[in-house]
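Student: Could you have a look at this structure, given as structure tokens, before my questions?
Quick note: the coordinates plus some simple rules give every number you see, no bench work behind them. All values reported here derive from a predicted model rather than from experimental measurement. Glycine gets a Cβ as well: all are built from the backbone with ideal geometry, and neighbour counts include every protein chain shown.
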């Protein structure tokens, strides 16, 4: 998520020390305050904060900033599956789970494999970047969590609605030549 939205400080705080990189909660708080004080995106503030903080922690922040920059470049040029594989490899997350040798770690590895299956399907069916994938997944998750017979409106994209049934459907912003497409 942080590659798709560098303003997301909550996501940054969740991943910055997973697996452990020597960046503690106090450093994360200082980093987020640093970014806010300077009106910067949390990700954009990483390299500058690393220099200001210095020492071992600053080095760890700098390495993390460099890794995110590499991954951002990959995400902008690659299919979602390749991006995700690189994220898993470069962050060391899969290696850390393999080293853990617990049932929970094995379950997480299986979940990661399932996620790769979902991204492969997305790449084959839709294509697009990481942001589009995250948008689709969050909309699908919202639709999946709806209780059967629950009253209320569901806001989803046309693409996400394919194959679903609703008692009433409203499509806004319809314009001749846009939908259906003029070449249809």
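Student: When N is the residue count of the chain, what does its C-alpha Rg come to as a fraction of 2.2 N^0.38 Å?
Tutor: Values: Rg = 20.2 Å, N = 184, 2.2 N^0.38 = 16.0 Å.
The chain yields a ratio of 1.26.
Student: Helix 42-53 against the longest principal axis of the chain: what's the angle in degrees, Cα atoms only, rounded to the nearest 10?
Tutor: Once rounded, one gets 0 degrees.
Student: Further question on the same structure: Given the DSSP H assignment, sum -39500 (n - 2.57) over each helix run of at least 4 residues in the chain and divide by its residue total; what's the result at 222 nm in deg cm²/dmol, nearest 500?
Tutor: On the way: 9 runs with 118 residues, N = 184.
-20500 deg cm²/dmol, from helical runs alone.
Student: Now, a different point. Mean-square fluctuation check for the chain, GNM, Cα pairs under 10 Å: which of 69, 49, 153 is largest?
Tutor: Largest GNM mean-square fluctuation: 153.
Student: To the nearest 0.05, how large is the calculated FRET efficiency for residue 44 and residue 137 if R₀ is 25 Å and r is the Cβ-Cβ distance?
Tutor: Numbers: r = 25 Å, r/R0 = 1.01.
That pair, residue 44 with residue 137, gives E of 0.50.
Student: Working from Cα positions, state the angle (0 to 90°, nearest 10) between the long axis of helix 25-38 and the longest principal axis of the chain.
Tutor: 70 degrees
Student: A follow-up question, please. Calculate, axis by axis, the spread of Cα positions in the range 1-77 along the three principal axes, and write the results as whole Å, longest axis first.
Tutor: Rounded to whole Å, the extents work out to 33, 25, 20 Å.
Student: Mind pulling the angle between the C-alpha long axis of helix 130-144 and the longest principal axis of the chain? Nearest 10 degrees, somewhere in 0 to 90.
Tutor: 60 degrees
Student: Please give, to one decimal in nm, the separation of the simple spin-label points placed at residue 117 and residue 176, each 7 Å out from Cα toward the Cβ.
Tutor: 4.7 nm
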